[in-house]
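**Student:** Below: one structure in structure tokens.
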Amino acid sequence: MLSLEDSIAFKQGYYAEIRDRTAEEFLVEYAKRSSFNSFENIYRAFSEDLSSSIHAALKSGVIGYAEDEYAFLRNWGFEVEDVRVPVGIWQGLDDLSVSPHMAKWFNENLFNPTLELLEGQHHGSIMVEKRREILNAAIRSLTL
């Protein structure tokens, strides 16, 4: 099992790469997407929020991120199979932060989930390009 120290070491290397990125640098990455023009204003705002959030979150180091990651590996105090509320899973198939295999695992182990696997979407783009569909699905699930 991954130790907390291993997680901290990994996060220090990973977040060193993005810790000081500006909103414009994030935007350059998003501009490579074929759908960028349709969502440019939203990507611009998302990039600004992402940059300021990362700067604030990492101001005191990576330990918080590492502890969150480590928590995923420990006992949660309940079994996923026992969750009996509506769960919608939206997963970009190009996501490098969270493997699509995790979405598939949750889909197989949760009680009656809905799963949307989206071609061409990754961790950030799904929040920009699919936000309306995700929020509408969440609202519908609350009114059932």
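**Student:** If you check every pair at least six apart or on different chains, which have Cβ atoms under 6 Å apart with a residue in the range 15-28 that is more than 19 Å from V62 (Cβ to Cβ) first and a residue that is modelled with pLDDT of 85 or more and among the acidic types (D, E) second?
**Tutor:** Cβ pairs passing all conditions: A23/E48.
**Student:** If only one of V80, V128, V85 is of a type in the set (A, V, I, L, M), under 23 Å from L27 (Cβ atoms) and either out of contact with any Leu (no Cβ under 9 Å at 6 or more places or on another chain) or touching a residue at least 12 places away in the same chain (Cβ under 8 Å) (or both), which one is it?
**Tutor:** Criteria check complete, one pass: V128.
**Student:** Given the residues W76, W105, which is the only one that is of a type outside the set (A, V, I, L, M), farther than 19 Å from H123 by Cβ and over 13 Å from the mean Cα position of the chain (by Cα)?
**Tutor:** W76
**Student:** Quick check: is even one residue across the range 126-133 modelled with pLDDT of 90 or more, outside any helix (DSSP H, G or I) and either loosely packed, with under 14 Cβ neighbours inside 10 Å or among the aromatic types (F, W, Y) (or both)?
**Tutor:** no
**Student:** Would you say A23 is in contact with a Lys or Arg (Cβ under 9 Å, 6 or more places away or on another chain), closer than 19 Å to H122 by Cβ and not polar (S, T, N, Q)?
**Tutor:** yes
**Student:** Looking for something at pLDDT 90 or above and under 30 Å from I8 (Cα atoms) - is there at least one such residue anywhere in the range 56-77?
**Tutor:** Taking every residue of the range 56-77 in turn, at least one turns out to be at pLDDT 90 or above and under 30 Å from I8 (Cα atoms).
**Student:** Further question: Mind listing whichever residues of the range 78-99 are within 25 Å of L50 (Cα to Cα), out of contact with any Gly (no Cβ under 8 Å at 6 or more places or on another chain) and not small (G, A, S)?
**Tutor:** Our first condition is that a residue be within 25 Å of L50 (Cα to Cα); within the range 78-99, this holds for 88-99.
Imposing the further condition that a residue be out of contact with any Gly (no Cβ under 8 Å at 6 or more places or on another chain) reduces the set to 88-91, 95-99.
Those that are within 25 Å of L50 (Cα to Cα), out of contact with any Gly (no Cβ under 8 Å at 6 or more places or on another chain) and not small (G, A, S): I89, W90, Q91, D95, L96, V98.
**Student:** Further question on the same structure: What do you reckon, is F106 farther than 28 Å from N41 by Cβ, exposed (fewer than 13 other Cβ atoms within 10 Å of the Cβ) and in contact (Cβ under 8 Å) with a residue 24 or more places away in the chain?
**Tutor:** So F106 fails the test.
The values are calculated or read from the model by the stated rules, or taken from the named source; none is laboratory data. Bear in mind the structure is a predicted one, so any value in this text is a computation, not a measurement. Note that each Cβ is placed from the backbone with ideal geometry, even for glycine, and that neighbours are counted across all protein chains shown.
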